[in-house]
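Below: one structure, written as structure tokens.
The values are calculated or read from the model by the stated rules, or taken from the named source; none is laboratory data. It should be emphasised that the depicted structure is a prediction, and the values quoted were computed from it without experimental measurement. Every residue, glycine as well, gets a Cβ built from its backbone with ideal geometry; the counts of neighbours run over all protein chains shown. Ligands, DNA and RNA are excluded from the accessible area calculation, which covers all protein heavy atoms including side chains. Shrake-Rupley method; radii C 1.70, N 1.55, O 1.52, S 1.80 Å.
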Amino acid sequence: MHEGMLFGFDPVWYAGLLFVATYILVMTERLNRAVISITAACLMIIGGVLTQQAAFEGVDFNTLGLLTGMMMIVGLAKNSGIFQFLAIWSVKRVKADPWGILVMLVVVTAVLSALLDNVTTVLLIAPVTLLITDTLKINAYPYLFAEIFASNIGGTATLIGDPPNIMIGSAVGLGFNDFFFNLAPVVVVILAITLLILYLFWGRSLETDPALQEKVMEYRERDAITDARLLKQSLVVLTLVMMGFVFGHDLGLQPATVAMFGASLLLIVHNLKRSAAEESVSVHKTFCEVEWTTLFFFIGLFIVVYGVESTGLLERIAHHIMEITGGDRSVTAISILWVSAVASALVDNIPFVATMIPLIESMATTFGNNGELLPLWWSLALGSCLGGNGSLVGASANLIVAGFAERSGQPIHFTKFMLGAFPLMLLSILISSIYIQLRYF
């Protein structure tokens, strides 16, 4: 694979430097990250590290299929008004009490982030939150701060909640149930403790005028439903998809197959009564909901990391890590957890996880089969997902909430957020460390 290296370059140095350059350019955000990763992938082939055929072998189509399918389902379902309905319904259940609203919005955000994806969830919940806080004349910052945390914590609980989990599940062959039974217990604890901390900071000071509460109670959740037929169709398909995730693993069905089948089924039932021309417009609109930039970023990144892996560089790094941790599985797992968390708070967690996956796989020579590596995979999932709470740039959902806040004239400042968020994120990692140690060692 490395016989035809351009200008006789050393493949390890070439692939390593190209990988580092890719990472730096992604971090600087001077160019679109999809353009960077695709360019780097092409250079990996042109340089002779990989052939084109080998590069395609490095692409994880299960991850791409799962992401695409869920993007299409959520892109269609959101047009029904389901997210806004849930937000208003939740607020009215607690009689528009300021602290009760925060708790309900946190729970709704966490659950939806676990079952769908956290980016879409905050995209639709944050505007409703700003509308409610504006009506109640209360500071929106505690609510938006809490929703950012809830989206990343909730997304940690399942295979489909956060891209790092999708990547890990696809690479290792872990299903929806594996993630849920191993990560959901600690996620519930972390969410409860996070709410307790938020109450101590803000809960007792959240007050409003009873007359304004009455005004919020006049909101009609039914008015949020813009397409009742689509709502029913979406709920049925989402239920089938969830069942597919739960039972499909034992039947040999990959998550990508389940998600893509759900997306195609929803497209069929949604367009049954439309003319051919209307159907074409509707399908095109749905395909436009797919975040192609993210998918192409993944494709390029898979090829770049596969190129580095093919040179044996990651295996050498894994051996060095083994020497540092003394080959102790427990120490290695906790180290991965903390390094992943800090790294994910500062840089994009997707390229970080893409790099860590082959690195952990190469540790099988020391620790044994995949079963022995499981604690390491759970550590990577917890660290990379929860670490996103450490700063505003730690996760895409954070930036989306910050964008809404800025447009509403209540900007979330980077330093202020990090001063509160980073210690709280570290607390969640401490809880995760105790959980990993007690459950797996």
Highest average packing first - 423-435, 273-285, Cβ atoms within 10 Å: 423-435, 273-285
Dipole magnitude of the chain about its Cα centre (Cβ charges: Lys, Arg +1; Asp, Glu -1), debye to nearest 20: 1080 debye
Computed Rg/Rh of the range 20-179, alpha carbon atoms with Kirkwood Rh: 1.09
Dipole magnitude of the range 216-306, debye to nearest 20 (Cβ charges: Lys/Arg +1, Asp/Glu -1, about Cα centre): 220 debye
Global size of the range 136-175 as Cα Rg and Dmax, reported in angstrom: 14.8, 49
Positive-end residue of ILE132, LEU66, PRO163, charge dipole of the chain with Cβ unit charges: ILE132
Distance between modelled label sites at THR415 and TYR199, nm, 7 Å Cα→Cβ extension: 3.3 nm
Burial order of peptide ranges 8-20, 65-77 (average beta-carbon count within 10 Å, highest first): 65-77, 8-20
Extension gain, ALA21 back to LYS137 (0.36 nm per residue minus Cα-Cα distance, nm): 37.0 nm
For a label point 7 Å along the Cα-to-beta-carbon line of LYS232, residues of the range 76-102 with backbone N under 18 Å: 77-82
Extension gain from THR366 to VAL269, taking 0.36 nm per residue of separation minus the Cα-Cα distance: 29.8 nm
Solvent-accessible area per residue for the range 335-381 (1.4 angstrom probe, square angstrom): 29 Å²
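How much length would be gained if the chain were fully extended between PHE287 and GLU406, taking 0.36 nm per residue of separation minus their Cα-Cα distance, in nm to one decimal?
Length gained between PHE287 and GLU406: 39.9 nm.
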Average accessible area per residue (Å²) across the range 201-277 - probe 1.4 Å, nucleic acids and ligands excluded: 65 Å²
Length-normalised contact order of the range 289-441 in % [C-alpha pairs under 8 Å, at least 6 apart]: 25 percent
Average accessible surface area per residue within the range 1-129, 1.4 Å rolling probe, Å²: 43 Å²
Residue-by-residue Karplus 3J(HN,Hα) for the range 149-162, coefficients 6.51, -1.76, 1.60, Hz, glycine and proline x: 4, 5, 5, 6, 5, x, x, 6, 6, 10, 4, 9, x, 8
Computed helical MRE - 222 nm, the chain, DSSP H runs ≥ 4 contributing -39500 (n - 2.57), nearest 500: -25000 deg cm²/dmol
The range 385-441-the range 41-63 distance, computed between alpha-carbon centres (Å): 34 Å
Protein accessible area in the range 51-93, 1.4 Å probe - carbon and sulfur %: 61 percent
Estimated translational D of the range 299-387 in µm²/s (Stokes, Kirkwood radius over Cα pairs; 20 °C; 1.002 mPa s): 164 µm²/s
Length-normalised contact order for the range 378-441 - Cα pairs under 8 Å, 6+ apart - percent: 39 percent
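Counting only C-alpha contacts under 8 Å and six or more residues apart, can you give the relative contact order of the chain as a whole percent? Display every interim value, and only then the final one.
Details: 624 pairs, mean separation 103.1, N = 441.
Computed value for the chain: 23 percent relative contact order.
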Mean Cβ count within 10 Å, highest first, over the residues of peptides 109-119, 246-256, 164-174, 183-193: 109-119, 164-174, 183-193, 246-256
J(HN,Hα) series, the range 328-339, from Karplus relation 6.51 cos²θ - 1.76 cosθ + 1.60, nearest Hz, glycine and proline x: 7, 5, 5, 4, 5, 4, 5, 5, 4, 4, 6, 5
Furthest towards positive pole of dipole, VAL308, SER379, ASN369, structure part the range 306-389, Cβ charges: SER379
Heavy atoms of ILE225: accessible area, 1.4 Å probe, square angstrom to 10: 40 Å²
In Å, descending, principal axis extents of the Cα set of the range 145-214: 53, 21, 17
